[in-house]
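Just so you know, all these numbers are worked out from the coordinates, no wet-lab data involved. A quick note: this is a predicted structure, and the numbers were derived from the prediction, not measured. Cβ coordinates were reconstructed from backbone atoms using ideal geometry, including for glycine residues, and neighbour counts include every protein chain displayed.
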Amino acid sequence: MDQLFIAPTFMAAATMAAAIDSGLYRDTEQRVLLVVNNAKIPEIGRSLIEQQGFESLASRFDRVVSLNDLIFPYHPRAWNPPTGKVPMWRDTLLEAAGIEGEFGITLQSLPVRPSTTLTRLFKGAPIDVVSDGLMSYGPTRKPIRPSIAENLRRLLYLDLAGGLRPVLLSEHGIENVVVPAESFRVVVQEYGKMVFEKTGVDSVAERPVEVIMLGQYLAVLGLLTEEEEEELHCEFLRAAVALGYSSIAFKPHPSAPPSFTHRLIDLGRSLDVDLVVLDEPVPVETLYDRIRPVAVIGCFSTGLSTAVETYGITGYSVGVDKVLERLPRFKDSNRIPLAITDVRLPRVEWDESGAISVRQPPPIDVQVLVEEVARAMQPAHFEEHQTERRNAFLAEEPWAAKYFAESELADTEVEAVVVPAVVPYSARVERRARRIAGRMIRRNRRLRKIAEVGKAIRFQPR
């Protein structure tokens, strides 16, 4: 049976390549990589295919196809063909992929487009899901249609949390399969070697770097203001200096503006440290392999856990509580990554006098914590909604209530824990019907006029 791999990012493609190398697809015949560029304006950015080093990833596949080229001018995130055109699109993609017989698909981010669209096109095909970093330890964000759920086969993931079992898609009985860290490191090493040789930035590896600090660009998510995020980066640097490091590098988020580093550079000068900004467009994992830092400092990024679990580098977290308090919704998918980082990595803190301290990870059952937070976030995904285990857990670890509580209740007692109620089925149907009706009215001129007349009659003042 052939296998169609759908990769939107380097991490997805690298994990798929590592899965192939480790024998998880030894029974497949033809392997086809379908590359997706989900950037807001794909035409002005570089897709995975255009990045230096891609040839090392592509060597694991028999054919490489660009989804963006096939569906142009549609954007992958907006591509949702009507039912009548599904057969045409299915034939187009399979012809480009060179697939004729039975096949399976491997993809990432199942509940969002283009993954949802592709599962519509390839209805009935067995589905493997590749993890999306720490978010894969959290609950499924959106309900999965039964016609798709029945075809789910495996969740392939890097162990980023010391043996923790992912909750993602567990309600559908999916098999959890760990992709060996050694296979992933080999893929990254090959990719990095080609990147540094072709781009001529191998001088980065020649400079001694003790610590890499990771930017996340949380401002674009609305979790921090740009000024607060700049200050968070400065806290990373102060933490690194306080821990005794003097040769420090900062890896900004690829989407962050260059101005984000100005204040950090000025602080580095004032602290008399050798600060390097690693703004080369290369995955941070290649820097771990090439530079081999002693430590990594960040907030809660997947790159931080990758450094610790996959490369054996010491990791420190800074600013987790502040970001946790800023989550706009209880169901925010960043809640689980924040909780995992907070309870698994040493945290750098300052007291009121400005003295630094390093808080070691607390002795807590991380599996129970993650499962109960996931149940609280998405109770409708689980058959049982009993809270006995959660209450017993919080009775033993009352400080952990902050992971369950809404932001304004984070400092209250356990009794104030907020667990969202399950929305009744009838209410969900009514809400969906209203959304569909709203879309129909907006798109149809005659319906809009009827709605306007109806609204005028309904609210006619007496």
In the chain, taking the dipole from +1 charges on Lys and Arg beta carbons and -1 charges on Asp and Glu beta carbons about the Cα centre, the listed residue (ILE41, PHE330, VAL358) farthest towards the positive end is ILE41
Rounded to whole Å, give me the distance from the Cα center of segment 88-165 to that of segment 215-286.
35 Å
Any idea what the dipole of segment 2-183 comes to, in debye rounded to 20, about its Cα centre with Lys/Arg Cβ at +1 and Asp/Glu Cβ at -1?
740 debye
Work from the charge dipole of the chain (Cβ charges, +1 for Lys and Arg, -1 for Asp and Glu, about the Cα centre) and give the residue of GLN3, ALA13, PRO254 farthest towards its positive end.
GLN3
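Under the rule of -39500 (n - 2.57) per DSSP H run of 4 or more residues, summed and divided by the residues of the chain, what mean residue ellipticity at 222 nm is obtained, to the nearest 500 deg cm²/dmol?
Details: 18 runs with 183 residues, N = 462.
That calculation yields -11500 deg cm²/dmol at 222 nm.
Order these peptides, 324-334, 152-162, by their mean beta-carbon neighbour count within 10 angstrom, highest first. Could you put the intermediate results ahead of the total?
Numbers: 324-334: 16.4, 152-162: 20.8.
In decreasing order of mean packing, 324-334, 152-162 become 152-162, 324-334.
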Rounded to whole Hz, the Karplus (6.51, -1.76, 1.60) HN-Hα couplings of segment 252-257, x for glycine and proline
x, 5, x, 8, 6, x
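What value does segment 132-259 have for Rg/Rh, both radii from Cα atoms and Rh as Kirkwood defines it?
Working: Rg = 19.4 Å, Rh = 18.4 Å.
Rounded to two decimals, Rg/Rh equals 1.05.
State which entries of LYS85/LYS331; LYS142/LYS322; LYS198/LYS251; LYS40/LYS251; LYS40/LYS85 exceed 30 angstrom in Cα-Cα distance in the structure shown. Let's see the in-between values first.
Numbers: LYS85/LYS331 34 Å; LYS142/LYS322 27 Å; LYS198/LYS251 20 Å; LYS40/LYS251 22 Å; LYS40/LYS85 25 Å.
Distance filter (> 30 Å) returns LYS85/LYS331.
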Give the peptides 106-115, 36-45, 51-60 in descending order of average Cβ contacts within 10 Å, highest first.
106-115, 51-60, 36-45
With θ set to phi - 60°, apply the Karplus curve 6.51 cos²θ - 1.76 cosθ + 1.60 along segment 166-171 and write out the HN-Hα couplings as whole Hz, x wherever there is a Gly or Pro.
x, 9, 3, 6, 5, 5
Of LEU70, LEU223, how do they rank once you tally other Cβ atoms within 10 Å and put the fewest first?
LEU70, LEU223
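Based on the mean of other beta carbon atoms within 10 Å per residue, what is the order of 365-371, 264-270, most packed first? List each step's numbers first, then the result.
Values: 365-371: 18.4, 264-270: 14.6.
Listed from highest to lowest mean packing, they are 365-371, 264-270.
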Identify which of the listed values of P(r) over Cα pairs in 10 Å bins from 0, in percent was calculated from the structure shown: (1) 4, 16, 21, 27, 22, 9, 1, 0; (2) 4, 19, 27, 20, 14, 9, 5, 2, 0; (3) 4, 18, 27, 26, 17, 7, 2, 0, 0.
(3)
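Suppose every K and R has +1 on its Cβ and every D and E has -1 on its Cβ; what is the size of the dipole of the chain about the Cα centre, in Debye to the nearest 20?
3160 debye
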